[in-house]
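Visitor: Take this structure first; my questions come after.
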Amino acid sequence: MAALLPFCTRLMFIFRLLLLLFAVLASVTSAWSAEPPGERDAFRVCADPNNLPFSNRQQQGFENKLAALLAQEFHRELQYTWWPQRRGFLRNTLDAGVCDVVMGVPAGFGPVLTTQPYYRSTYVFVHPQKAAYRIASFDAPELRQLKIGVHLIGDDYMNSPPAHVLAAKGIVNNVVGYSVFGNYAEDSPPGKIIRAVADEEIDVAIVWGPIAGYFAKQQTLPLMLTPVPTEENSPTLPLSYSIALGVRRQDEALKTRLNDMLQRKATDIRTLLAEYGVPLLLQ
């Protein structure tokens, strides 16, 4: 979701639905290259303060770590503006000119100018290892019997891509929805669905890879993660996404510099993502 958004992240994450939310927002602010020199002393990032594994106020997320790495490369102080990654995020952050970079958006995400992707991930099936299910696709017979958890998006409970696939296959009555935004008073709400698998409230969950990989490592009960097949797609939404940094649409100069840094630090970034358990696909 990134900042989940990326969202958000920054869900995050999901993303085409976010595109619909953000498409109506204006994006007129000062460009990086036009800012007075005094305003360039900081590497300014907008992020969600409660959205692990992407970001939090304690700067424990992998997008926080990446932002710190890039700020070091820029030889600038890292400066945050915190805002929950939901409706109004871009309007109140990047578009308002209070920051210059959002750390996680889908590559090609229309309301912003995106860098080259720095990772690509997918949804995964998550279940306890001891269950020994053989779920490798949405056609697995077990999915018609087991209790399945999926994320729902927004206050109006719009369906995530896995929910669309399940519904298209007639798998509805045994599906349980978990809000990707959840109770914001709790720590990192998107992780609740993985805790539900570990607590055996549900049998299996189908979750965006970075969320599943990170929270699965936090559970006492060993969990198994299996990526959904790359050829699988919902009727209207992809199940795999390339994730990039987002800047204002006028900030070509900043985009170019960030692309250069992402290339030079590609090995460090892959190591960082592995530490957080992010399932990676080839770009």
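Visitor: To the nearest 0.05, what FRET efficiency results for LEU280 and ALA42 with a Förster distance of 41 Å applied to their C-beta separation?
Guide: On the way: r = 30 Å, r/R0 = 0.74.
It comes to 0.85.
Visitor: Can you list the lysines whose alpha carbon is less than 29 Å from that of LYS169, not counting same-chain residues fewer than 8 positions off?
Guide: Filter leaves LYS130, LYS147, LYS192.
Visitor: When we measure straight from the Cα of LYS265, which lysines land under 28 angstrom away, once same-chain ones fewer than 8 places off are left out?
Guide: Cα-Cα hits under 28 Å: LYS65, LYS217, LYS255.
Visitor: Label-point separation (nm) for ALA68 and ASN174, each offset 7 Å from Cα along Cα-to-Cβ?
Guide: Using points 7 Å along Cα→Cβ, the separation is 4.4 nm.
Visitor: Out of the total accessible area of region 171-278 (probe 1.4 Å, heavy atoms of protein only), what percent is carbon and sulfur? Intermediate values should be presented prior to the final figure.
Guide: Working: 2260 of 4780 Å².
C and S fraction of accessible area: 47 percent.
Visitor: To continue, here is another question. When the chain is fully extended, how far beyond the present Cα-Cα distance does THR271 get from ARG134, taking 0.36 nm per residue of separation? Mind dumping the intermediate values first?
Guide: Numbers: separation 137, 0.36 × 137 = 49.32 nm, distance 2.93 nm.
Working it through step by step, the gained length comes to 46.4 nm.
Visitor: Say each of ARG144 and ARG76 gets a label point 7 Å from the Cα, pointing the same way as Cα to Cβ; how far apart are those two points in nm?
Guide: So the label points at ARG144 and ARG76 sit 5.6 nm apart.
Visitor: Relative contact order (percent) for region 190-275, with alpha-carbon contacts under 8 angstrom and 6 or more residues of separation? Working shown, then result.
Guide: Numbers: 35 pairs, mean separation 14.4, N = 86.
Contact order relative to length: 17 percent.
Visitor: Please work out the FRET efficiency for the pair GLN263 and TYR184, using the Cβ-Cβ distance as r and a Förster radius of 41 Å; give the result to the nearest 0.05. The partial results should precede the final answer.
Guide: Details: r = 36 Å, r/R0 = 0.88.
It comes out at approximately 0.70.
Visitor: Can you tell me the order of 135-141, 246-252 when each peptide is scored by its average per-residue count of other Cβ atoms within 10 angstrom, highest first?
Guide: On the way: 135-141: 14.4, 246-252: 22.0.
Result, highest mean first: 246-252, 135-141.
Visitor: Turning to a different aspect of this structure: Sort ASP187, ASP48 by accessible area with a 1.4 Å probe, largest first.
Guide: Values: ASP187 105, ASP48 5 Å².
So the residues, ranked largest to smallest area, are ASP187, ASP48.
Visitor: Related question: Would you kindly find the accessible area of LEU223, with a 1.4 Å probe and non-protein molecules such as ligands, DNA and RNA excluded, rounding to the nearest 10 Å²?
Guide: Roughly 20 Å² of LEU223 is accessible to a 1.4 Å probe.
Visitor: Please work out how much length the chain gains when fully extended from GLU252 to GLU201, using 0.36 nm per residue of separation minus the C-alpha to C-alpha distance, in nm with one decimal.
Guide: On the way: separation 51, 0.36 × 51 = 18.36 nm, distance 4.78 nm.
Stretched fully, the GLU252-GLU201 segment lengthens by 13.6 nm.
Visitor: Mind checking the per residue accessible area of region 106-193 for me, 1.4 Å probe, whole number of Å²? Walk me through the numbers before you get to the answer.
Guide: Values: 3820 Å² over 88 residues.
Result: 43 Å² of accessible area for each residue.
The values are calculated or read from the model by the stated rules, or taken from the named source; none is laboratory data. Owing to the predicted nature of the structure, the values given are computational and were not obtained by experimental measurement. Cβ atoms come from the backbone with ideal geometry, glycine included; neighbour counts cover every protein chain shown. For the accessible areas, the whole protein counts, side chains as well, though only heavy atoms, and no ligand, DNA or RNA atoms are used. Shrake-Rupley method; radii C 1.70, N 1.55, O 1.52, S 1.80 Å.
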